[in-house]
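Worksheet: one structure, shown below.
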Amino acid sequence: MTDLPTISIVTPSYQHGSFLEWTLRSVILQRYPKLEYVVMDGGSTDKTPEILRRYQRFLSHCESAPDQGQADAAARGFTHTTGEIMAYLNSDDMLAPGALNFVAGYFAAHRRVDALYSHRVFVTEDNTVDSYWILPRHSNWLMSRWDYIPQETCFWRRRIYEEAGGIDPGFQFALDYDLFVRFMQRGQMRRVNGFLGAFRRHAASKTAGLIEGEVHPEVARVRREHGIRLREWHRLPELALYEWIDVRSRYFAARKKTGYNYDRLWGGLLTDHRLPEW
């Protein structure tokens, strides 16, 4: 136990009281012995304050006050942490059972890897699993051009976070894409073959209003600031990547099925409102 690295997780939150408890429980119920868990709430007026009061003893730091958005909250949250391994988990997403022990073991066995991520599972507002992203092996060339790295599954070493300069609080949408591009420019990333977390689709999410094929202005900004130029011929690998992910994901869903509740993987613990006893 003493050899395990400390893992620091920050959850930026605002008006996600309908989902927040599931998020908190998916982290706390990992029972990882060396966890620093920070919640930075932007002054929510829903049931978030009540939930945070109930779980406060499991948090290493928690505050609720107006902020400048998700990136600002996450960046400031990390200033309250010391862990060798870092991640941020949005207040509508969830970790998979055993994710933190897996991450700690992977980094211990792969000393040169600076950041890792997994495939993605999508859940609905009521935790129903409805689809997947099955991703190819990591490629800096592909992932720096097209933003397919699932943020809720990504963990990294503090050394690469500090070398890259941390989260840019000026972003409101593409903070993860910007951060991961800087990781790829300075270190080694890997895609692991599994699922480390779940991404929630719902009407109020930032991605809900995106039009398919449209490039968000902040995504264009990341490419511009990091010198990532898309040529006309890049349309071919872009389509190939999309088709590869789509076909593999549909095949996986047909074999592994959808329509079940994500809480089933947790043995019902996410929707059990009882507080842990440890």
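Derivation of every value follows stated rules applied to the coordinates shown; laboratory data play no part. What you are looking at is a predicted structure, and each value in this text was computed from that prediction instead of being measured. Counting neighbours? That spans all protein chains shown, and the Cβs are built from the backbone with ideal geometry, glycine included.
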Once the Cα gyration tensor of the stretch 135-179 is found, what semi-axes does its equivalent ellipsoid get, as square roots of 5 times the eigenvalues, in whole Å, sorted largest first? 18, 14, 10
Long-range alpha-carbon pairs in the stretch 1-153, meaning those over 21 Å apart, account in percent for 48
Just tell me which aspartates and glutamates come within less than 17 Å, Cα to Cα, of Lys256; anything on the same chain fewer than 8 places away is out. Asp130, Asp246
In deg cm²/dmol, rounded to the nearest 500, the helical mean residue ellipticity at 222 nm of the chain, built from -39500 (n - 2.57) for every DSSP H run of length 4 or more, is -10000 deg cm²/dmol
Distance in nm between label sites at Gln185 and Ser60, each 7 Å beyond Cα in the beta-carbon direction? 2.8
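Based on DSSP, what percent of beta bridges with both residues in the chain are antiparallel, to the nearest 5?
The antiparallel proportion sits near 35 percent.
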Suppose each label sits 7 Å from its Cα in the direction of the beta carbon; what would the Ala240-Ser139 distance come out to in nanometres? 0.6
Order the peptides 235-247, 257-269 from the highest to the lowest mean number of other Cβ atoms within 10 Å of their residues. 257-269, 235-247
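Subtracting the Cα-Cα distance from 0.36 nm times the residue separation, let me have the gained length for Tyr251 to Glu50 in nm, one decimal. Kindly include the intermediate steps, with their values, before the conclusion.
Details: separation 201, 0.36 × 201 = 72.36 nm, distance 4.19 nm.
Gain on extension, Tyr251 to Glu50, equals 68.2 nm.
List the equivalent ellipsoid semi-axes of the chain in whole Å, largest first, each obtained as the square root of 5λ for an eigenvalue λ of the Cα gyration tensor.
Working: eigenvalues 154, 93, 79 Å².
Taking √(5λ) for each eigenvalue gives 28, 22, 20 Å, largest first.
Taking every DSSP beta bridge with both residues inside the stretch 117-212, roughly what % is antiparallel (nearest 5)? Walk me through the numbers on the way to the answer.
On the way: 4 of 9 bridges.
Bridges in the stretch 117-212 are about 45 percent antiparallel.
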